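These notes concern the structure reproduced below.
The values are calculated or read from the model by the stated rules, or taken from the named source; none is laboratory data. All values reported here derive from a predicted model rather than from experimental measurement. For neighbour counting, all protein chains shown are included, and Cβ atoms are generated from backbone atoms with ideal geometry for every residue, glycine included. In case anyone asks, the SASA skips ligands and DNA or RNA and just uses the protein heavy atoms, side chains included. Shrake-Rupley method; radii C 1.70, N 1.55, O 1.52, S 1.80 Å.
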Amino acid sequence: MNPYANMAQLRSGLDNGDFSAEELVHFYLGRINAAADLNCFITVDSDRALAAAKSADKAIADKRTGPLTGIPIAHKDLFCTEGLLTSCASRMLHNFVAPYDATVVDRLRKAGAITLGKTNMDEFAMGSSNETSFYGPVKNPWNQACVPGGSSGGSAAAVAAGLAAACTGSDTGGSIRQPASFCGVTGLKPTYGRVSRYGMIAFASSLDQGGPIACTASDAGTLLNAMEGHDPNDSTSAIAEATDIDSSRRPLKIGIPSQYWNDLDSSMAKVLEAARHTLESLGHDCVPVELPHTEAAIAVYYVIAGAEASTNLSRYDGVRYGHRTTSPENLDDLYQFSRTEGFGSEVKRRILTGTYALSVGYYDAYYLKAQQIRRLIRQDFLDAFMEVDVLLTPVSPSTAFEREALIEDPVGMYQQDIYTTPASLAGLPALSLPCGMREQMPVGMQLIGPHFGESSILSLGCQYQNETDWHALHPAYEHD
Ligand code: GLN
């Protein structure tokens, strides 16, 4: 069995009887077990995965299949899964078994996908390196000394190492796109509102979006089709037309924002220039555009995301669920010690800075100002999309960096998000896909579309992947 088969190949293998869903699940469980050193998984749900595989095999025999019937996937550990630990990679939730499924989990299961388990991540999705997890760092399968990116690092590394056909992730400021680029896989952050947030543990509610991490843009589209759609349980969920990939070659105008390209390191620029030429050779036209407020995006993002996190995380009080300190003397102790023990240092940093930005006397200077600049950033994109169909940018200033290189330097870590936070603040869909290698590590490019423009960025991604093989490269890492 080919561990790097994409979902389309697995679909035909299952439908033609080359292997059963049960064999496929056994195969992936074996690989997950053998790859324990990568630390991609927090929980593996073998028994239920095998039971689901048996039902999938019945459905396949009865020819009652959908695109995902029998396809083994894994969920980032911030999607609630009924009866299964949902830890958010935090000590605070190390004992939290969700009483219900997130909408994303429910929809994917109903579409026939099999859940292998829950993937590792940065604690409460705060981080860009997967080093803030209570369960330890994830290693990048391309080079185990390097980080896989974050916060959906376990999901991206699992897809890259062939431990699941695809995974879910979440992206608040880059957490699907940056790990996808560091691990050489394809990840999509949908338009804010396209995918329900119900049952997805909240970090920054005006930014959080669930989305797919897969081997190809086409697979990401297949997963998105199952995940997307209006959900009455999420009041910000949108009513929108379903995503429809069409790889016919309507020539597009592709915007090249100078603010994303000008300061690029020359070895990164070389790879991205080559990607741009490939897109031009497919008949698309690249034109320069300006997004003048880009520089402010990181500061704005970290004020807003911190502020929202500080309020969202106030629910962890040691009373209702999650970690509770032992033998407090009074109620204040209960709150204080439960939170002190339950949260890691990056989460505490966000709560402190977020609370500060919202406090009387600083609200206007930080939170309100950040909201105003967020509006300008959004307007930059709206103006650009009057001229062009999509935007082509890097995902990250570099390839995967070494573990421990930035963990003691929070601002340096935050600066990694320079190219991903603007689309998040504007609520736009953005696709990260592999477009080359630098010193044996994958480089990603980002296609940003207008609101609800997933169809065009995924279609363009499919065209690019029909023309190139970067998505078909796999790490030399092998564990069996
Ligand atoms: N790296 C960013 C942060 O730490 C983005 C995280 C995310 O998208 N969840 O906030």
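Could you tally the net charge around Tyr356, taking each other residue with its Cβ under 15 Å from the Cβ of Tyr356, Lys/Arg +1 and Asp/Glu -1? Neighbour charge sum, excluding Tyr356 itself: +2. Candidate cross-link partners of Lys369 among the aspartates and glutamates, defined by an alpha-carbon separation under 18 Å and a same-chain spacing of 8 or more, comprise Glu295, Glu308, Asp380.
In order along the range 209-214, the phi-based Karplus estimate (6.51 cos²θ - 1.76 cosθ + 1.60, θ = phi - 60°) of 3J(HN,Hα) comes to 9, x, x, x, 10, 8 Hz; Gly and Pro are listed as x. Rounded to 0.05, the FRET efficiency of the Leu382 and Glu280 pair, given R0 = 41 Å and the Cβ-Cβ distance, is 0.95. Taking label points 7 Å from Cα along the Cα-to-Cβ direction, Thr311 and Tyr100 give a separation of 2.2 nm. Full extension of the segment from Lys253 to Asn330, taken as 0.36 nm per residue of separation minus the current Cα-Cα distance, would add 21.4 nm. Taking all protein chains together and rolling a 1.4 Å probe, Asp383 ends up with roughly 80 Å² accessible.
Of the beta bridges DSSP finds with both residues in the chain, what % are antiparallel, to the nearest 5?
Given both bridge residues lie in the chain, the antiparallel proportion sits at roughly 70 percent.
Karplus-based coupling profile of the range 106-117, in residue order and whole Hz: 4, 5, 5, 5, 5, 7, x, 5, 9, 8, 7, x, with θ = phi - 60° in 6.51 cos²θ - 1.76 cosθ + 1.60 and x standing for Gly or Pro. Counting lysine pairs in the range 1-153 that sit 8 or more residues apart in sequence, or on different chains, and whose Cα atoms lie under 27 Å apart gives 12.
Note on the chain: with neighbouring protein chains present and a 1.4 Å probe, carbon and sulfur make up 51 percent of its accessible heavy-atom surface. The peptide list 322-334, 2-14, put in order of mean Cβ contacts within 10 Å with the highest first, becomes 2-14, 322-334.
Using a 1.4 angstrom probe, figure out how much accessible area the chain has per residue, in square angstrom, rounded to the nearest whole.
Per-residue value: 37 Å².
Our helix-only sum for the chain, with -39,500 (n - 2.57) per DSSP H run of n ≥ 4 divided by its residues, gives a mean residue ellipticity at 222 nm of -11500 deg cm²/dmol. Highest average first, the peptides 19-30, 300-311 ordered by how many other beta carbon atoms sit within 10 Å of their residues are 300-311, 19-30. Near the amide H of Ile42, within less than 5 Å, lie the amide hydrogens of Lys118, Thr119, Asn120, all on another chain or at least 5 residues away, with H placed in the peptide plane. Taking label points 7 Å from Cα along the Cα-to-Cβ direction, Ser398 and Asp265 give a separation of 0.5 nm. Stretching the chain fully between Glu82 and Ala51 yields a gain of 9.6 nm (0.36 nm per residue, less the alpha carbon separation). Tally Lys and Arg at +1 and Asp and Glu at -1 over the other residues with C-beta under 13 Å from the C-beta of Thr326: what net charge comes out? Summing Lys/Arg as +1 and Asp/Glu as -1 gives -2. Here the gap between Asn466 and Ala365, fully extended at 0.36 nm per residue and compared with their Cα-Cα distance, gives a gain of 31.5 nm.
In order along the range 60-72, phi translates into HN-Hα couplings of 5, 4, 7, 6, 10, 9, x, x, 10, 4, x, 8, x Hz, rounded to whole numbers, per the Karplus curve 6.51 cos²θ - 1.76 cosθ + 1.60 with θ = phi - 60° and x for Gly and Pro. Scanning residues 5 or more positions from Gly436 or on other chains, those with amide H under 5 Å from its amide H are Val443, with H placed 1.01 Å from N in the peptide plane. The DSSP beta bridges internal to the range 18-172 are antiparallel in roughly 45% of cases. Relative contact order of the chain, taken over Cα pairs closer than 8 Å and 6 or more residues apart, is 18 percent.
Sorted by packing (mean other beta-carbon atoms within 10 Å per residue), highest first, where do 124-133, 401-410, 190-199 land?
Result, highest mean first: 124-133, 190-199, 401-410.
For Lys253, the lysines whose Cα comes closer than 29 Å to its Cα, not counting residues fewer than 8 places off in the same chain, are Lys189, Lys270.
Taking label positions 7 Å along the Cα-Cβ direction at both Lys348 and Asp18, the computed distance is 5.2 nm, reported to one decimal. Given R0 = 22 Å, the distance between the Cβ atoms of Gln440 and Glu273 translates into a calculated FRET efficiency of 0.65.
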